[in-house]
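First up is the structure itself, then whatever we jot down about it.
The values are calculated or read from the model by the stated rules, or taken from the named source; none is laboratory data. None of these values were measured; they are calculated from a predicted model. Cβ sites come from the backbone with ideal geometry, for glycine too, and all protein chains shown count toward neighbours. Ligands, DNA and RNA are stripped out before the accessible areas are found, and what is left, the full protein with its side chains, is counted by its heavy atoms. Shrake-Rupley method; radii C 1.70, N 1.55, O 1.52, S 1.80 Å.
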Amino acid sequence: MLANTKPWLVLSLLLLAMLQCVYGKPQVHCFYVFGDSLSDNGNNNNLETAAKANYAPYGIDSTAGPTGRFCNGLNTIDYTCKLLGFKECIPPHANANTGGSDILQGLNYASGAAGIRPESGKHLGDNIDLGRQIGNHRAIYWRIVSRLGGFRNATQYFNKCLYYVNIGNNDYINNYFLPQRYPRSRIYTVNKYTDDLIHRLSRYIKVLHELGARKYVVCGTGLIGCTPNAISRRGTNGSLCVDELNAASFIFNSKLKSKVDKLKTIFTDSKFVFINGTDGTLDASLGFTVVNAPCCPTREDGQCVPNSTPCPNRRSHVFYDEYHPTTRAAEFIALGSYNQYGPHLTH
Ligand SMILES: *[C@@H]1O[C@H](CO)[C@@H](O)[C@H](O)[C@H]1NC(C)=O
Ligand SMILES: *[C@@H]1O[C@H](CO)[C@@H](O)[C@H](O)[C@H]1NC(C)=O
Ligand SMILES: *[C@@H]1O[C@H](CO)[C@@H](O)[C@H](O)[C@H]1NC(C)=O
């Protein structure tokens, strides 16, 4: 959730802005996103679920207003699009038939509350779990094959796209660590449960490879024990954060890194960059003076109370609601990751 942030990032942000003025073309031909609410830009709006953010005060700092982004303004994917040089960010898959924009630029399949396991987050209502996101991509794959006039052209196209996978937080927050709703923690240790998640995730990555994916950014989970929700609902027993939750995240990231290293040796035709989601912090050195309290008044599930008035000093807050970064935090997170994969996966 909270990625790399060092003061030199501010400088590279300026440099990148300058570079983009010089080179107006996107740095990748197309961009496909798989994930959860950190990436969702409207896919849940028409689903039967509490896990959607198409109401005020979400979007308060965006000219577009509430769009379904779990943020006060642009989210991490929006900033990633900017860094990659896209004029307009890729649309949600839910708008693939209505959006008017060209699906050949890519699509965002991410869904709030979604996990790698199909049941994760479902106590909140429907969500598009990773298996369904991959299924949606398979359908888009066939549309593009027919649009480009066959496999040869389509394969060339898919080979050039960037595939960004950032999912797993809900498999802990909205599954394993919610024993009132989900039995997994009575059946598995965190270690065994995580093995299962990584196994499933790597199977999905193999499907993407079958569908022509060759450039991957694979993100780990964030410091799930440092969200305002975890801290206020569980207590920290003297620590800064809820250690038990963060420990799970460290295990996930360590196993995911090993898996990505293994995938590199299996798929030598592909490039993978692993992003460690627990690396780095957003703190006072970057102007974030409130790191463990939400900016908006929150309801029982940790999202903003509809039509409530959020804090005025949003640029000093890391979190907008009890789980999701503010737009300023999202900008740093996007840049921290971009600095790691950009040199390897863009042209
Ligand atoms: C494949 O792409 C090339 C170049 O854009 C185009 O000329 C050709 O017609 C395409 N092939 C098919 C079968 O549509
Ligand atoms: C709380 O912290 C103390 C001291 O570090 C430790 O001994 C104890 O096991 C912790 N309790 C829980 C519930 O984690
Ligand atoms: C991720 O970053 C944290 C904090 O820097 C570090 O302790 C951990 O070892 C890293 N994990 C991996 C898999 O690189």
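Observations, loosely collected:
- Length gained when the stretch residue 307-residue 243 is fully extended (0.36 nm per residue, less Cα-Cα span): 19.7 nm
- √(5λ) per eigenvalue of the Cα gyration tensor, the chain, largest first, Å: 29, 24, 20
- For the pair residue 300 and residue 234, the difference between a 0.36 nm per residue extended length and the Cα-Cα distance amounts to 22.4 nm.
- Mean Cα-pair separation over length for segment 6-345, i.e. relative contact order, pairs under 8 Å, 6 or more apart, %: 19 percent
- Taken as Cα centroids, segment 272-339 and segment 121-152 sit 29 Å apart, rounded to the nearest whole angstrom.
- Accessible area per residue was computed with a 1.4 Å probe on protein heavy atoms; residue 344 scores about 100 Å².
- Computing FRET efficiency as 1/(1 + (r/R0)^6) for residue 48 and residue 87, where r is the C-beta to C-beta distance and R0 is 45 Å, gives about 0.85.
- Given charges at Cβ of Lys, Arg, Asp, Glu: the chain dipole, positive-most of 170, 92, 65: 92
- The accessible area of residue 196, taken with all protein chains in place and a 1.4 Å probe, comes to roughly 40 Å².
- Where labels lie 7 Å past Cα in the beta-carbon direction, separation of residue 206 and residue 292 in nm: 4.3 nm
- Residues residue 344 and residue 285, FRET efficiency given R0 of 25 Å [Cβ-Cβ distance, rounded to 0.05]: 0.35
- Theoretical FRET efficiency, 1/(1+(r/R0)^6), r = Cβ-Cβ of residue 178 and residue 151, R0 56 Å, to 0.05: 0.80
- In this structure, the pairs whose alpha-carbon distance is over 19 Å, taken from 52/122; 192/215; 82/259; 160/215, are 192/215; 82/259.
- Under 20 Å from a label point set 7 Å out along the Cα-to-Cβ vector of residue 264, the amide N atoms of segment 314-347 belong to 336-347.
- Each label was represented as a point 7 Å from its Cα along the Cα-to-Cβ direction; for residue 55 and residue 315 these points are 3.0 nm apart.
- Those chymotrypsin sites (Phe, Trp or Tyr not before Pro) in segment 159-208 that DSSP places in a loop and that have at most 10 other beta carbons within 10 Å: none
- Only protein heavy atoms count here; on that basis, with a 1.4 Å probe, residue 239 has an accessible area of about 40 Å².
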